[in-house]
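Computed from the coordinates by the stated procedures, all read-outs in this text should not be read as laboratory data. The shown structure was predicted, so the numbers you read here are calculated from the model rather than taken from an experiment. Here Cβ is always computed from backbone atoms with ideal geometry, including for glycine, and neighbour counts include all displayed protein chains.
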Amino acid sequence: MSTSFLDLRPISRTRRNHGLEHATLHVLSQRFPGLRLGGISSPRGYTIVGNVSAEDVAEAAIEALKRLRAGEADLAQHPNCGTNFAIPGAFAGLAGWLATLGSDKSFKSKLERLPLVIIMASVALILTYPLGPVIQKRVTASGDPQGLELERVETSIRAGLRLNHVTTRG
């Protein structure tokens, strides 16, 4: 039996936590429309950044996990996921860099290439924008929590930001 790279324990845990993070953000957004929230995931759990209490995050996480287990896998996908920005951003950067190849190192030469850099980066953004959600669904976030369980939610304040750390196991 071969194991996929995505099935390796830290990767699998991060993907499942990432999906649960997104689902929790969806539930919180339904409860608190207009509230600005963000998140970040790791193998140990995830952190919700925003002005929301640990109790609200815990309730939302419980509901999110129940809904994922009930088959609402689409909750694991989020339009503001970093994957949706990183993929086209990486291709735009690469296209912009490719547009500078062949010019000499002078500022004037680089400046003359600026319209080409902008066009190439823009075309790359347009063409690769649809890849973000596909990569998110297939690689970076899982809609199947498998044996993931919620352990605790702890709040801290850093640089004036409220961070709710959700620890998971399984």
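Put in line by how crowded their Cβ is, counting other Cβ atoms within 10 Å and starting with the fewest, H22, H165 read H165, H22.
Would you please state which residues of segment 133-149 a label at A86 would reach in this model, taking the label point 7 Å out along Cα→Cβ and a backbone N cut-off of under 19 Å? Label zone hits: 133-144. For the chain, the 222 nm mean residue ellipticity estimated from helices alone, with every DSSP H stretch of n ≥ 4 adding -39500 (n - 2.57) and the total spread over all residues, rounds to -16000 deg cm²/dmol.
Based on other C-beta atoms within 10 Å, arrange S103, S142, S12, S4 from fewest to most. Mind showing how you got there, number by number?
Numbers: S103 14, S142 25, S12 18, S4 8.
The fewest-first ordering by Cβ neighbours comes to S4, S103, S12, S142.
Within the listed set I119, I62, I135, the Gaussian network model of the chain (springs between alpha-carbon atoms below 10 Å) gives the highest mean-square fluctuation for I119.
Between the beta carbons of S109 and V139, assuming R0 = 41 Å, the FRET efficiency works out to 0.60 to the nearest 0.05.
Rank these for me by crowding, F85, F32, going from fewest to most other beta carbons within 10 Å. Intermediate results must be reported in sequence, preceding the final value.
Details: F85 12, F32 15.
If I rank by nearby Cβ atoms, fewest first, I get F85, F32.
Over all alpha-carbon pairs in segment 101-147, figure out the percentage whose distance exceeds 14 Å.
Numbers: 722 of 1081 pairs.
Cα-Cα pairs in segment 101-147 separated by more than 14 Å: 67 percent.
What does the charge count near S106 come to, summing +1 for each Lys or Arg and -1 for each Asp or Glu among other residues with Cβ under 12 Å from its Cβ? Local charge sum for S106: +2. Dimensions of the chain based on its C-alpha atoms, expressed as ranges along the principal axes with the largest first, amount to 57, 49, 24 Å.
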